[in-house]
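All of the numbers you see were taken from the coordinates with simple rules; none came from a lab. Just so it is clear, the structure is predicted and the values come from calculations on it, not from any experiment. Reconstructed Cβ throughout: ideal geometry from the backbone, glycine too, with neighbour counts over all protein chains shown.
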Amino acid sequence: MSTPEAAVRQSTPSAQAGAQRRHNEGHGRRLTAAFEALEAFPALAESRNRLLRLVSMERVSAGDVVAAVESDVALVIATLRLANQVEGRSRGRVESVVKAVELLSPESVQALASRARTYDFFERSSVWDAAPERFRLHGIATQRAADRLATETNYEHRDRLMVTALLHDIGKLVLMHAYPGYPGQVHQGARTPEERIHRERRELGVDHALVGGVLARRWGLPKAVASVIERHHADDAIGEAAFVRLADMLAHYAQGSQVSPTELLKTARSIGLGPAELRTVMYDLPYPTTGKRRQIDPCPLSGRELEVLKRLAEGKVYKQIALELKLSTSTVRTHLHNIYGKLGAVDRAQAVLIATERGWL
């Protein structure tokens, strides 16, 4: 008895073309349905609740709001989509959560968070099960690795990188919804990210990076974001796509998964990191982040006040600060009094802590 595959091979060229066309149409319908399902992708309940608490406070810190949004895939997507729908010069051009929060009012962010669907680890949904949490954890790990790389290389588009690193695998959610056997059956036996992407192309005819880029464009996200998502597994990835590719590999490495040393080194070199710098980054990853925080909230201190505070943070006394800045001791005291007032600090330790947490030091 002949199989369906054998029948196709023995059929006429026109019949084979028809079978291929129906196969492609089936792929298209599956992916379209999955794209639509992603409209309801949930945010972690704790992330949503923290954001709501922040935006309801009397004094809202933009930096804290950005950090809360960036902690969750669904919140980042919703915030960027809303910001990119705003009429005017910003429409379709908002590439980072920082710019989105600057553009949107606290009331808009509050309404967005209130509408967000949520999930909780202890209350699994029948649609996504544990997928949102697994996805969020790897996204955050990749984002953290990307931030470390940005600090190491002084990368100028750090705010956008936080978005592309978090969203780099959104195509996996599409494939997961479109193909019940994904990723287990598709990735079976594949060990490294490169092996998994090749399996996807062979078994499905597409890969999650390409699908993710299509989804980002469908959402109206800027080209710079969509193209990085689409290219983050390319062998010849450069620029931000290479940053995300390396960060993805480092996240897998930090989580104990297998990665290719050759690909790690090749991708690191493409962003200007040699073996010594890469070893340092790999060593640091498991430990708490020590990189400099991004400056998001505007600094209320004058240039001279900031210079005084920097020296205070170094443990210098008034006389040393006065000597270095060619000021009188009384002038240094006056600057410190003003610094405490502007920051709402009661002493030097609190002033230094506040300025450090806000990224001003």
Counting Lys and Arg as +1 and Asp and Glu as -1 over every other residue whose Cβ sits under 11 Å from the Cβ of THR280, the net charge comes to -1
Relative contact order [Cα under 8 Å, 6+ residues apart], segment 49-159, whole percent | 24 percent
Count the net charge of all other residues whose Cβ sits under 14 Å from the Cβ of VAL73, scoring Lys and Arg as +1 and Asp and Glu as -1.
-> 0
Taking the chain, how many lysine pairs are there with alpha carbons less than 17 Å apart, if each pair must be eight or more places apart or span two chains?
-> 6
Sites LEU265 and GLU133 - FRET efficiency at Förster radius 35 Å, r taken between beta-carbons, to 0.05 | 0.65
Given the options ARG348, ARG30, ARG217, which has the most mean-square fluctuation in a GNM of the chain, springs set between C-alpha atoms less than 10 angstrom apart?
-> ARG348
Using only the alpha carbons, work out the radius of gyration and Dmax of segment 162-310 in angstrom.
-> 18.4, 62
Under the Karplus curve 6.51 cos²θ - 1.76 cosθ + 1.60, θ = phi - 60°, whole-Hz ³J(HN,Hα) for segment 36-48, x wherever Gly or Pro sits | 5, 5, 5, 4, 9, 5, x, 8, 5, 4, 5, 5, 4
Taking amide hydrogens as modeled 1.01 Å from N in the peptide plane, which residues meet the under 5 Å criterion relative to ALA43, leaving out close sequence neighbours?
-> ARG117, THR118, TYR119
Would you be so kind as to identify which of THR262, VAL281, THR356 lies farthest towards the positive end of the dipole of segment 259-361, taking Lys and Arg as +1 and Asp and Glu as -1 on Cβ and the Cα centre as origin?
-> THR356
Which label marks the calculated value of mean projected area of the Cα convex hull in nm², given the options [x] 20.3; [y] 23.8; [z] 15.6?
-> [y]
If we sort 92-100, 297-305 on the protection proxy, mean other Cβ atoms within 10 Å, highest first, what's the order?
-> 92-100, 297-305
Estimated vicinal HN-Hα couplings, Hz - segment 248-261 in sequence order (Karplus 6.51, -1.76, 1.60; Gly, Pro = x) = 4, 5, 5, 5, 4, 4, 5, 8, x, 8, 7, 9, 8, x
If every Lys and Arg gets +1 and every Asp and Glu gets -1 at its Cβ, then about the Cα centre segment 227-274 yields a dipole, in debye to the nearest 20, of 140 debye
Using a Gaussian network for the chain with springs between C-alpha atoms less than 10 Å apart, which of these wobbles most: HIS337, HIS177, HIS27?
-> HIS337
Have a look at ALA43, ALA349, ALA111 and tell me which one the Gaussian network model of the chain (Cα, springs below 10 Å) gives the largest fluctuation.
-> ALA349
